[in-house]
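Reviewing the structure listed below.
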Amino acid sequence: MSESPSENPALLEVRGIGKTFPGVRALGGVNLSLEKSQVLSLIGENGAGKSTLMKILAGVQPPDEGEILLDGKPVEIESTRDALDLGISLIHQELNLATNLSVAANVFLGREPLRGGFIDESKIKQESARFLEMVGLDVHPDTLVGNLTIGRQQMVEIAKALSVNSRILIMDEPTSSLSQAETKNLFIVIKDLRDRGVSVIYISHRLGEVKELSDHVTVLRDGENAGELGREEVNHEAMVRLMVGRDLSEYYERKDRPKGDLALKVNKLRTPVHPKHELSFSVASGEIVAVAGLVGAGRTEMLETLFGVTPALEGTIEVSGSEITIDSPISAIEAGIALAPEDRKQQGLVIDMTVRENLSLAALKRDQKQAGFLDISKEQEISDEMIKAMRVKTPNEDQVIRFLSGGNQQKVVLGKWLAMKPKVLLLDEPTRGIDVGAKSEIYTLMEELAESGVAILYVSSEMEEVLGMADRALVMHEGRITGELSRDELSEESVMRLATGAPGDDQAA
Amino acid sequence: MKKILGILSLLVFVFVATSFLSDVFLDSYNLENLLRRTALFGIISIGVAFVIITGGIDLSIGSVVCLVGCALPWMLTEQGVSVPVALAVIIAFSLAVGFIHGILITKVKLQPFVVTLCGLLLYRGITRGFTGDQSQGFGTDYKGLRELATGEVPIFGFDLPMPCIFLLVVAVLAGIFLNKTIYGRYLLALGNNEEAARFSGINVDRMVILAYVICALCSGLGGLLFVLDVNSAQPVDFGNFYELYAIAAAVLGGCSLRGGVGTIIGVVIGTALMQVLRNMIVLVDWIPTHIEYAIIGAVILAGVVADELLKKAVARRQASQS
């Protein structure tokens, strides 16, 4: 897929970059080429390797293999310092600003000009004002960054990057938390920077934005190049075709299951995060229901409310027909609800404890002997049974979770809950950070659980996961359920239309 | 077991070295005294180990020891309180201290360091207040009661100091609690990752409160035995720095201040090592006694550095295997 460099060497040329994390091959021989004054979009599904590639370019992580050429000359980028010295700046999804400091102090953070041993305040004010003007940010350099909107904070980040003479700006999902007006303003700034000779690598899930901005699009899939699109080839269908490339059905066979009785019924539920909106829906036992939507649509918050992490302000929850009060995970678990959270390592598992200890953690209370003594044989039983049922690949049950791959860690989370025989299983991004092979195993396990009568409600940001798995999908947008799609109505377009709230917002094509 | 092998060999090494460097170290009087000190400090170290396992800290131990140590003779000799009532008051006070610490940390969400630092100041100040800053003691009375700390139990021809029996009971109970009950498992889990523990349906707050209650109870028991042992207590310095000895012993014994890691046997060995070291500094002529803190500080530092390096090496090996 690599187009050999033309007559002039490209500004940035990435050749055969590979990177492996424990259990996951994140990148395998990826190529990328960026010209001066070019906006290159890098697209691909979650886990396609975009962020890893950008972290390598920004010196956050070293590659395992491959080379990086700048102006045709090979360079080593071993630290973020190296990247900055070479003129490469990464603007993270989450901004890296000291919100307690002024705009000027942030722009010059870490390389403050000194006069007589003290920070030269007047110089950093003057200089930063110049860069703020370049990004069209009309605020006084003394303003505290914490007092700015997210969109404006982002402009401060860009100004900071310009102040170190960055030639290449990498932006990772810059619009994910911006309003429409802020997004528009960002685009004006990006185009202006391009005209000044700055090159931009733009990472986004929003294909409408990609189409509007890009001079060139590079598509990644499963850590490899999936294709390139020139300016005039960029359209929605072409991008989706390259991104998805393959149907879920290639490695996962969906079965039709009979729907059972109502397992979960939610009525007029209001969560603390989106108190304005009421959520009502139900899931039958044996049913697999997806919750689709963009990042920040309130899906995780909804699951956390159902699981009692952030108890509901109002509304009712019924499990198997009886109304229950859920004010903590303890009461949720007692009612037969389980949650496999999105942040597996932080919330789902105690990663420095063993496989056995994690599998039994939720069941200890139920299985205790008198006076709180551990039932060792019962614990052993659960551990053996779940390692087998979930097909956890581990040398033994005393292996510390930290050393398992992401897929096997997720299987341990599922096993922990299966041991509780839940009626309702909530899954938040069940296959995030898991490689393709293990993904299909997770899908199969979900399918098996549903078949055994568990009601499954899963949040997913991966379109193919929503389209391929779901018997039905709820689509959320900014805290509301904007629609419900049956199996027959499910399509990328129908989901996207509801996910973006305003029809056509992301489907400009 | 592997985890305590390092500290155990260090204990043996210091013990053997001191027996060569000092003529009186192996005298039965000295050994008995050493055992008694180890037992007394062992009890408060086991207490703080529970708090450290949750990822917290208790700086108030020395002041609780001081309050209990002064209040007991004060109640008995000056207020004419009967022994059972005095003991009941001390137990109730210790329970209350631990409970209040726990509530402030879990429900009001204050940092353990801050809460127990205030405790450190409060309990000592209160003690100096109600005693009028006067030394409190039993004089020649309460010999029977004092036997609890000063007495000896003949075992296999050796007179085992009474506090060792207390330590043995506390250590066995603590070991069973930590390793054989679901609550011990909960403490280890939440010390490792509080959020994951909460997401697994564990009542995290209740367990943390329990840890502080256990710690305060051990401090109370320690204070009781300490004052029975030495007969009198000065409000101004009784129990001074004891929290630091306890924390140091727990850390030497393999507890991580990050939480989630620790064994009772390790803590007892850590305490023994501290006391043998202190004994060595006193007995060996050419070690100036006044640099005691420097030596103990250096040994602890060396111990935890070695432990950390060892852990990293093990982690690397395991990572490369899987």
Just one listed residue, out of B:Ala306, B:Ala315, is more than 24 Å from B:Cys218 (Cα to Cα), assigned to a helix (DSSP H, G or I) and within 14 Å of chain A (Cβ to nearest Cβ), and it is B:Ala315
With the requirement that a residue be part of a helix (DSSP H, G or I) and out of contact with any Leu (no Cβ under 7 Å at 6 or more places or on another chain), what does region B:188-198 give you? B:Leu188, B:Leu190, B:Gly191, B:Asn192, B:Glu194, B:Glu195, B:Arg198
Go through region A:354-383 and report how many residues are surrounded by fewer than 21 Cβ atoms within 10 Å (Cβ to Cβ) and not small (Gly, Ala, Ser). 14
Quick check on region A:332-340. Is at least one of its residues within 11 Å of chain B (Cβ to nearest Cβ), small (Gly, Ala, Ser) and closer than 23 Å to B:Ile53 by Cα? no
Might you check whether a residue that is of a type in the set (D, E, K, R), under 21 Å from A:Ser199 (Cα atoms) and surrounded by 17 or more Cβ atoms within 10 Å (Cβ to Cβ) occurs anywhere in region A:47-63? yes
Which of the residues that make up region B:96-116 are exposed (fewer than 15 other Cβ atoms within 10 Å of the Cβ) and part of a helix (DSSP H, G or I)? B:Ala96, B:Phe113, B:Val114
If a residue has to be buried (at least 18 other Cβ atoms within 10 Å of the Cβ) and part of a strand (DSSP E or B) to count, how many in region B:140-183 make the cut? 3
Close pairs from region A:489-509: first under 9 Å from A:Val475 (Cα atoms), partner modelled with pLDDT under 75, Cβ under 7 Å, at least 6 apart: A:Met496/A:Asp506; A:Met496/A:Gln507
So, A:Arg221, is that one charged (D, E, K, R) and surrounded by 20 or more Cβ atoms within 10 Å (Cβ to Cβ) or not? yes
Considering residues that are out of contact with any Ser or Thr (no Cβ under 8 Å at 6 or more places or on another chain) and either buried (at least 20 other Cβ atoms within 10 Å of the Cβ) or not in a helix (DSSP H, G or I) (or both), the number found within region A:230-239 is 3
Regarding B:Leu178, is this residue within 14 Å of chain A (Cβ to nearest Cβ) and out of contact with any Leu (no Cβ under 6 Å at 6 or more places or on another chain)? yes
Within region A:470-477, can one find any residue that is free of Cβ contacts under 8 Å to residues at least 60 places away in the same chain and either assigned to a helix (DSSP H, G or I) or among the acidic types (Asp, Glu) (or both)? no
So A:Leu144, is it within 17 Å of A:Asn106 (Cβ to Cβ) and surrounded by fewer than 19 Cβ atoms within 10 Å (Cβ to Cβ): yes
With respect to B:Val261, determine if the residue is more than 20 Å from B:Leu11 (Cβ to Cβ), surrounded by fewer than 22 Cβ atoms within 10 Å (Cβ to Cβ) and of a type in the set (Val, Ile, Thr). no
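So that you can scan it fast, the table gives a plain yes or no per residue for (1) over 25 Å from B:Gly259 (Cα atoms); (2) more than 28 Å from the chain's Cα centre (by Cα); (3) at pLDDT 95 or above:
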{"residue": "A:Ile288", "(1), (2), (3)": "yes, no, yes"}
{"residue": "A:Ala292", "(1), (2), (3)": "yes, no, no"}
{"residue": "A:Glu334", "(1), (2), (3)": "yes, yes, yes"}
{"residue": "A:Ile337", "(1), (2), (3)": "yes, no, yes"}
{"residue": "A:Ala362", "(1), (2), (3)": "no, no, yes"}
{"residue": "A:Glu379", "(1), (2), (3)": "no, yes, yes"}
Would you call A:Val75 touching a residue at least 24 places away in the same chain (Cβ under 8 Å), assigned by TED's automatic domain parsing to the domain that holds A:Leu57 and of a type outside the set (Gly, Ala, Ser)? no
Being more than 13 Å from B:Ile300 (Cα to Cα) and modelled with pLDDT of 95 or more is the filter here; which residues of region B:241-262 pass it? B:Tyr242, B:Glu243
Provide a single number: the residues in region A:411-424 that are surrounded by 23 or more Cβ atoms within 10 Å (Cβ to Cβ) and more than 14 Å from every other protein chain (Cβ to nearest Cβ). 2
For region B:216-253, how many residues are crowded, with 22+ Cβ neighbours inside 10 Å and either small (Gly, Ala, Ser) or in contact with a His (Cβ under 8 Å, 6 or more places away or on another chain) (or both)? 12
Can you pull out the strands (runs of 3 or more DSSP E) entirely within region A:291-403 that have at least 2 residues that are more than 30 Å from B:Arg316 (Cβ to Cβ) and without any contact (Cβ under 8 Å) to a residue 40 or more places away in the chain? A:322-324
Before we move on, is A:Leu449 under 19 Å from the mean Cα position of the chain (by Cα), aliphatic (A, V, I, L, M) and either at pLDDT below 95 or not in a loop (DSSP other than H, G, I, E, B) (or both)? no
Can you tell me which of (1) surrounded by 15 or more Cβ atoms within 10 Å (Cβ to Cβ); (2) over 30 Å from A:Phe21 (Cβ atoms); (3) at pLDDT below 90 is the one A:Asp256 doesn't meet? (1)
If I filter region A:170-192 for residues that are under 21 Å from A:Leu84 (Cβ atoms), loosely packed, with under 14 Cβ neighbours inside 10 Å and of a type outside the set (Phe, Trp, Tyr), do I get at least one hit? no
When you look at B:Ile209, is it within 21 Å of A:Phe373 (Cα to Cα), buried (at least 24 other Cβ atoms within 10 Å of the Cβ) and of a type in the set (A, V, I, L, M, F, W, C), yes or no? no
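The values are calculated or read from the model by the stated rules, or taken from the named source; none is laboratory data. This structure is a prediction, so every number in the text was calculated from the model and none was measured. Every residue, glycine as well, gets a Cβ built from its backbone with ideal geometry; the counts of neighbours run over all protein chains shown.
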